[in-house]
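The values are calculated or read from the model by the stated rules, or taken from the named source; none is laboratory data. Computed from a predicted model, the values in this text were never measured in an experiment. Neighbour counts are summed over all protein chains in view; Cβ atoms, including those assigned to glycine, are modelled from backbone coordinates with ideal geometry. Note: accessible area is taken over every heavy atom of the protein model, side chains too, but ligands, DNA and RNA are not part of it. Shrake-Rupley method; radii C 1.70, N 1.55, O 1.52, S 1.80 Å.
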Amino acid sequence: MKATGIVRRVDELGRIVLPIEMRRTLDIAEKDALEIYVEGSSVILKKYKPSCIFCDSARDITVFKGKNVCPKCLKELKSL
């Protein structure tokens, strides 16, 4: 992990503010979704990119019955 030297306090509603410089660098815009991971005692934020539930591909995702599926896996499902 790369240290940034930036420290932010958690407010009374549990929120933190990501500095504009960091959001610009990571291409995080207003209303973008972030995934939250926990690794040991670390909290990791990652920009959310929908991916296929079967193969983890993020290209041309289709939502099928509430699940993200890529064209290749969708074709395989149809052939079953």
Fill in the blank from the handout: CD proxy, 222 nm, the chain: helix-only mean residue ellipticity via -39,500 (n - 2.57) per DSSP H run with n ≥ 4, per residue, nearest 500, stands at -4500 deg cm²/dmol
Problem - Volume per residue that the Cα convex hull of the chain spans, once the total is divided by residue count, Å³ - result: 156 Å³
Problem - Magnitude of the charge dipole, the chain, Cβ model with Lys/Arg +1 and Asp/Glu -1, debye to 20 - result: 260 debye
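Using R₀ = 35 Å, calculate the FRET efficiency as 1/(1 + (r/R₀)^6) where r is the Cβ-Cβ separation of A29 and K78; round to 0.05. Show your work: numbers first, answer last.
Working: r = 35 Å, r/R0 = 1.01.
E between A29 and K78, to the nearest 0.05, is 0.50.
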Exercise for the section: Take the cross-link list K46/K78; K2/K67; K49/K75; K2/K65; K49/K78 and give me the ones stretching past 29 Å between alpha-carbons. Expected result: K46/K78; K2/K67; K2/K65
Completion exercise
On the accessible surface of the chain, probed at 1.4 Å with all protein chains in place, carbon and sulfur together account for a percent value of 55 percent
Handout entry: Label point distance in nm, T62-I16, each placed 7 Å from Cα along Cα→Cβ
Key = 3.9 nm
